[in-house]
Structures are given as C-alpha cells and as structure tokens.
Amino acid sequence: HPEYPTEHALCPHGISVAVTSPAVAEFTASMNPDRHLEIASVLGADVTNAKREDAGIVLGDALRRFLQGLGVPNGIAAFGYSTSDIGALVESILPQHRVLKLSPRQTGAEQIASILERSLKNY
C-alpha cells in the first residue's frame, strides 16, 4: 500500500505470488505439462498445437497477459527490488518450508534465485 511506512522495498504477499507466477509456472511445468496447458487454455491461450515441452512457456506467457490486463505491477522490480536484492530474498524464502515442500520439483536456493531473477520484470 502506498501509504504504508517503510524504509525498504515491500511487496504484499498476494501480489508477490501473482508477479512470480509466470516464472513459477515455467519452473514447474515439466512435472505436469498437461495441467499447465489446461490452465493456459482457461486463461485464453490457444494450446491447439502446443507441445508438452513448451507448457511452461505457454502458461507463463498466458499469465503475463492476464496479469498485465489486470494492471498488476510489472514484476518485483515495480516494488523497488533489484538484482542486488535476490540473495537476501532467497535467504528470507528458504525458511518458509511450505514454499519448498509444496513445490512439485526439488527446490533450493538456486531455483528460487532463478525464479526471482525472471520475476523482476514480466512485460
């Protein structure tokens, strides 16, 4: 919220989930590409000729279009984060076991850093 007093970058939880969702979809797609393509279709993507190996890209792009259409801020950079913040963000995420345990793929610091890097700007 613009009026929330803070001396550092801050991104509300729900928005952080939204702005990282394209990169998360690209990361998780290999575990269930058909489900990812189904979700992309629900979001309006034409998946008629989509390949299973492209499911993450297809869903990531569909999510980006959807989020942009809603007027969601353009990635975590819109909240003041930059590449130099990625390490600290990763360290703050690692203790949140639900993030790691609910992921369908093995997830550690390197994967989280990659997701955050790709989430700096979405469009």
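The values are calculated or read from the model by the stated rules, or taken from the named source; none is laboratory data. If you're wondering where the values come from, they're calculated on a predicted model, not measured in any experiment. Reconstructed Cβ throughout: ideal geometry from the backbone, glycine too, with neighbour counts over all protein chains shown. These accessible areas exclude ligands, DNA and RNA; they are computed on the full protein's heavy atoms, side chains included. Shrake-Rupley method; radii C 1.70, N 1.55, O 1.52, S 1.80 Å.
Some values worked out for this structure:
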read-out	value
Projected label distance in nm at residue 35 and residue 100, using a 7 Å step from Cα toward the beta-carbon	2.1
Accessible surface, the stretch 3-80, averaged per residue in Å² (probe 1.4 Å)	60
Separation of alpha-carbon centers, the stretch 82-123 and the stretch 15-78, rounded to whole Å	17
Of 44, 14, 75, the one that fluctuates the most in a GNM where the chain has Cα springs shorter than 10 Å	14
Rounded, prolate or oblate (a/c below 1.5 giving rounded, otherwise prolate when a/b exceeds b/c) for the chain by Cα gyration tensor	oblate
Net charge of neighbours whose Cβ lies under 12 Å from the Cβ of residue 90, counting Lys and Arg as +1 and Asp and Glu as -1	-4
Segment residue 49-residue 110, length gained on full extension (0.36 nm per residue, minus Cα span)	18.7 nm
Computed [θ] at 222 nm, helices only, for the chain once each DSSP H run of length n ≥ 4 contributes -39500 (n - 2.57)	-16000 deg cm²/dmol
Among 58, 17, 90: highest mean-square fluctuation, GNM of the chain, C-alpha pairs under 10 Å	17
Percentage relative contact order, the chain, counting C-alpha pairs under 8 Å, at least six apart	32
Of all accessible heavy-atom area on the chain, the percent that carbon and sulfur account for (1.4 Å)	55
